[in-house]
1. Could you work out which residue, out of W144, W170, W17, moves most in a Gaussian network model of the chain, that is, has the largest mean-square fluctuation with Cα springs under 10 Å?
2. For M161, what residues show an amide H to amide H distance below 5 Å, using hydrogens built from the backbone and excluding near sequence neighbours?
3. Hey, what do the phi angles of the range 119-132 turn into as Karplus ³J(HN,Hα) couplings, whole Hz, using 6.51/-1.76/1.60 and θ = phi - 60°, x for Gly and Pro?
4. Just to confirm, what accessible area per residue do you get for the chain at 1.4 Å probe, in whole Å²?
5. Can you check how the C-alpha radius of gyration of the chain compares to 2.2 N^0.38 Å, as a plain ratio?
6. Which trypsin sites (Lys or Arg not before Pro) from the range 68-143 combine a DSSP loop assignment with at most 12 other Cβ atoms within 10 Å?
7. Cα axis of helix 5-16 to longest principal axis of the chain: angle in degrees, 0 to 90, nearest 10?
8. Just give me a number: lysine pairs in the chain, eight or more positions apart or cross-chain, with C-alpha atoms less than 28 Å apart.
Amino acid sequence: MSIDFKELIADFKNGLWAENPVIRLVIGMCPTLAVTNSAENGLAMGLATSFVLIMSEFVISIIKKLIPANVRIPSYILIIATFVTFTDYFLKAFFPGIASSLSIFIPLIVVNCLILGRQEAFASKNPTHRAVADGIGMGIGFTWVLTLLGMIREFFGMGSMFGFQLLGEWYRPMVIMILPAGAFITLGILVGIMNQISREGK
């Protein structure tokens, strides 16, 4: 089977911008709004979700012909849950601080509509190399948005970035930025900016 590298690159780039899961498709909103109160949390959640997405797309694309149509969704969830469990235990073993910060949102990756949606829409219908390219692109697209949201909220909410204090004692933190309302405000502004950039680029 020959590999069309242009097609592969297009699959990868798709998730970075044109169909970015957060700012374009507006899916996976639960972790996006809940854990991006710091840059570190946003990056960690993005990487954890990306790992589960890439690995589940890889496995499902390989065994898709073996999965009966009437049990495909439960089968996808079982595969996704396997990688989520691995990710959860890995973080608890090697990064207990991050695991504690992300708390219940790591297990909830199982029901993230981004993960299940890509299995149904892409991995189950395309060859393995394309599924992996799609997973990597979507994963990076998800991660950069969560990290950016976390950086903005942490900077204005605590005067720091990735835990490093950038602003002195003179700065009065905007507490709302690290609260749920700050997540909605920041995401809304970011989506508006991205939409404007897209319109100007046409």
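The values are calculated or read from the model by the stated rules, or taken from the named source; none is laboratory data. Just so we're clear, the structure is a prediction, and the values are computed from it rather than from any experiment. Methodologically, a virtual Cβ is constructed for each residue, glycine included, from the backbone with ideal geometry; neighbour enumeration extends over all protein chains shown. What goes into the accessible areas is simple: the full protein's heavy atoms, side chains included, and nothing from ligands, DNA or RNA. Shrake-Rupley method; radii C 1.70, N 1.55, O 1.52, S 1.80 Å.
1. Looking only at W144, W170, W17, the biggest GNM fluctuation is shown by W170.
2. Under 5 Å from the amide H of M161 lie the amide H atoms of L166, each far enough along the sequence or on another chain.
3. My calculation for the range 119-132 gives 5, 6, 7, 10, 4, 6, 10, 10, x, 4, 5, 6, 5, 5 Hz in order.
4. 52
5. In units of the globular-protein estimate, the chain measures up at 1.09.
6. K125
7. With rounding to tens, the tilt is 40 degrees.
8. 10
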